[in-house]
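Chemist: Below is a structure I'd like to ask you about.
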Amino acid sequence: VDIFACVIGSALRRRESMFHLAPGDGQIRLVYPFWVVAGAMTAPFLVDTGFGADVAGLRGVEEYLDPTEALARAGVSPQDIDLVVISHLHYDHFGTPERFPKATFAIQREDVEYYTRRGLRHPFRTLGDAKSLEQLAALRSAGRIRELHGDVTLTRGVRCVLVGGHSPGMQIVVLDDRQSRTVLACDASHFYQNLETRTPTALVHDYEAYQRGFETVERQTGAGRWFPGHDPAMLERLEPVAGAVYRVPREPRG
Ligand SMILES: [Zn+2]
């Protein structure tokens, strides 16, 4: 399989928002990737979608690259995508679903229920993009949301594992081919350091589940490799393909 990271922007955020209860202030840079998985076994599919320019402007994302342009650099058109795995429903992972007219969106039931609930008033709600979330209900009635219940093998070598913690239905994606295993941890660990120091971000839905999620990422990774959700350091472990699009090396680097 070829696994591409499409990095569609970056932003400076408060350090304390990324490392809950950790000492020190100041800012830390995040990158915003989504993933394309293409292989002989399966039609290309996405893990997350990125977001539109309006959202980038609203959320202070710099160096913005349109996701459709990023996909083109990975050799894929949004019209051809029939599966999008959504790690969770935050704005930077689920945006502009209208760009994928043929796609079914595979999302954990907990996130779908949480983000379609009416009258949710606490600030966590605002981590989703209102415009994209509005489309959830319509996608659901059109039968284009595949609600996952826990750990699910989508197709050979592609498994979703529910971890929760950061978001009610936060899931990671485990990809196997003959050579290696790759785990896309997404926001189960924004940075390598979150997992390494067992420090969640300040964006916590369930603290205990967040902690168990770190263990799940490690256990699922085994002798393979894993990539965090927003750490610029991951780019050094990827091969540049074309401006802001990177590929996971075929062989794990020693
Ligand atoms: Zn998130």
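The values are calculated or read from the model by the stated rules, or taken from the named source; none is laboratory data. The structure displayed is predicted, hence computed values, not measured ones. Don't worry about glycine lacking a Cβ; one is built from the backbone with ideal geometry, like all the others, and counts go over all protein chains shown.
Chemist: How many of the residues making up the stretch 132-151 are outside any loop (DSSP other than H, G, I, E, B) and either in contact (Cβ under 8 Å) with a residue 12 or more places away in the chain or within 14 Å of the ligand (Cβ to nearest atom) (or both)?
Modeler: We begin by selecting, within the stretch 132-151, every residue outside any loop (DSSP other than H, G, I, E, B); these are 132-141, 145-148.
From what is left, the residues that are either in contact (Cβ under 8 Å) with a residue 12 or more places away in the chain or within 14 Å of the ligand (Cβ to nearest atom) (or both) are 132-133, 135-137, 139-140, 145-148.
Selection size over the stretch 132-151: 11.
Chemist: When both residues are 6+ apart or on different chains and their Cβ atoms are under 9 Å apart, which pairs have a first residue that lies in the stretch 152-175 and is free of Cβ contacts under 8 Å to residues at least 40 places away in the same chain, and a second that is surrounded by fewer than 24 Cβ atoms within 10 Å (Cβ to Cβ) and assigned to a loop (DSSP other than H, G, I, E, B)?
Modeler: Arg159/Asp151
Chemist: In this structure, is Pro97 more than 16 Å from the ligand (Cβ to nearest atom), closer than 27 Å to Val163 by Cβ and in contact with a helix residue (DSSP H, G or I) (Cβ under 6 Å, 6 or more places away or on another chain)?
Modeler: Values: more than 16 Å from the ligand (Cβ to nearest atom): yes; closer than 27 Å to Val163 by Cβ: yes; in contact with a helix residue (DSSP H, G or I) (Cβ under 6 Å, 6 or more places away or on another chain): yes.
Answer is yes for this residue.
Chemist: List pairs: first residue in the stretch 179-191 and on the phi < 0 side of the Ramachandran plot and within 16 Å of the ligand (Cβ to nearest atom), second residue part of a loop (DSSP other than H, G, I, E, B) and polar (S, T, N, Q) anywhere in the structure, Cβ distance under 6 angstrom, at least six positions apart or on different chains.
Modeler: Going by the 6 Å Cβ cut-off, the qualifying pairs are His190/Thr201.
Chemist: Give me a count of the residues in the stretch 152-176 that are assigned to a loop (DSSP other than H, G, I, E, B), away from the ligand (no atom under 16 Å from the Cβ) and not charged (D, E, K, R). Steps first, answer last, please.
Modeler: Looking only at the stretch 152-176, we keep the residues that are assigned to a loop (DSSP other than H, G, I, E, B), and these are 156-157, 163-170.
Subsequent filtering for residues that are away from the ligand (no atom under 16 Å from the Cβ) retains 156-157.
From what is left, the residues that are not charged (D, E, K, R) are 157.
Number satisfying all stated conditions: 1.
Chemist: Which of the residues that make up the stretch 91-111 are in contact (Cβ under 8 Å) with a residue 60 or more places away in the chain and surrounded by fewer than 20 Cβ atoms within 10 Å (Cβ to Cβ)?
Modeler: Hit for the stretch 91-111 is Arg109, nothing else.
Chemist: Would you say Thr126 is outside any helix (DSSP H, G or I) and modelled with pLDDT under 95?
Modeler: Values: outside any helix (DSSP H, G or I): no; modelled with pLDDT under 95: yes.
Considered against the rule, which asks whether it is outside any helix (DSSP H, G or I) and modelled with pLDDT under 95, Thr126 comes out as no.
Chemist: Which numbered condition in (1) of a type outside the set (Gly, Ala, Ser); (2) surrounded by fewer than 17 Cβ atoms within 10 Å (Cβ to Cβ); (3) more than 16 Å from the ligand (Cβ to nearest atom) is the only one that Arg125 fails?
Modeler: Of the numbered conditions (1) of a type outside the set (Gly, Ala, Ser); (2) surrounded by fewer than 17 Cβ atoms within 10 Å (Cβ to Cβ); (3) more than 16 Å from the ligand (Cβ to nearest atom), the odd one out for Arg125 is (3).
Chemist: Condition first: within 13 Å of Gly95 (Cβ to Cβ) and under 19 Å from the mean Cα position of the chain (by Cα). Now tell me which residues in the stretch 55-70 satisfy that. Show your work before the answer.
Modeler: Here is the first cut: in the stretch 55-70, the residues within 13 Å of Gly95 (Cβ to Cβ) are 55-59, 61, 64, 66-68, 70.
If the condition is that a residue be within 13 Å of Gly95 (Cβ to Cβ) and under 19 Å from the mean Cα position of the chain (by Cα), then Val55, Ala56, Arg59, Val61, Tyr64, Asp66, Pro67, Thr68, Ala70 are the ones that fit.
Chemist: Give me the residue from the stretch 192-204 that is away from the ligand (no atom under 13 Å from the Cβ) and not basic (Lys, Arg) and, out of that set, farthest from Leu21 (Cα to Cα).
Modeler: Taking the stretch 192-204 and keeping what is away from the ligand (no atom under 13 Å from the Cβ), we get 192-193, 195-199.
Narrowing the set further to residues that are not basic (Lys, Arg) leaves 192-193, 195-197, 199.
Working: Tyr192: 17, Gln193: 14, Leu195: 15, Glu196: 15, Thr197: 12, Thr199: 8 Å.
Ranking the qualifying residues of the stretch 192-204, first place goes to Tyr192.
Chemist: Could you list, ordered by first residue, the pairs with Cβ atoms under 7 Å in which the first is in the stretch 202-217 and closer than 17 Å to His122 by Cα and the second is in a helix (DSSP H, G or I) and of a type in the set (D, E, K, R), at least 6 apart or interchain?
Modeler: Once the first residue is closer than 17 Å to His122 by Cα and sits in the stretch 202-217, its partners that are in a helix (DSSP H, G or I) and of a type in the set (D, E, K, R) give Ala202/Glu16.
Chemist: Can you tell me how many residues in the stretch 194-203 are surrounded by 15 or more Cβ atoms within 10 Å (Cβ to Cβ) and β-branched (Val, Ile, Thr)?
Modeler: 2
Chemist: Check whether at least one residue in the stretch 137-145 is crowded, with 17+ Cβ neighbours inside 10 Å, modelled with pLDDT of 95 or more and among the charged types (D, E, K, R), and report yes or no. Don't jump to the end; show me each part of the working.
Modeler: Within the stretch 137-145, the first condition is being crowded, with 17+ Cβ neighbours inside 10 Å, and the residues that meet it are 139, 144-145.
Filter once more, keeping what is modelled with pLDDT of 95 or more: 139, 144-145.
Next, from what is left, pick out any that are among the charged types (D, E, K, R): 144.
Checked against the condition, which is being crowded, with 17+ Cβ neighbours inside 10 Å, modelled with pLDDT of 95 or more and among the charged types (D, E, K, R), the stretch 137-145 yields at least one hit.
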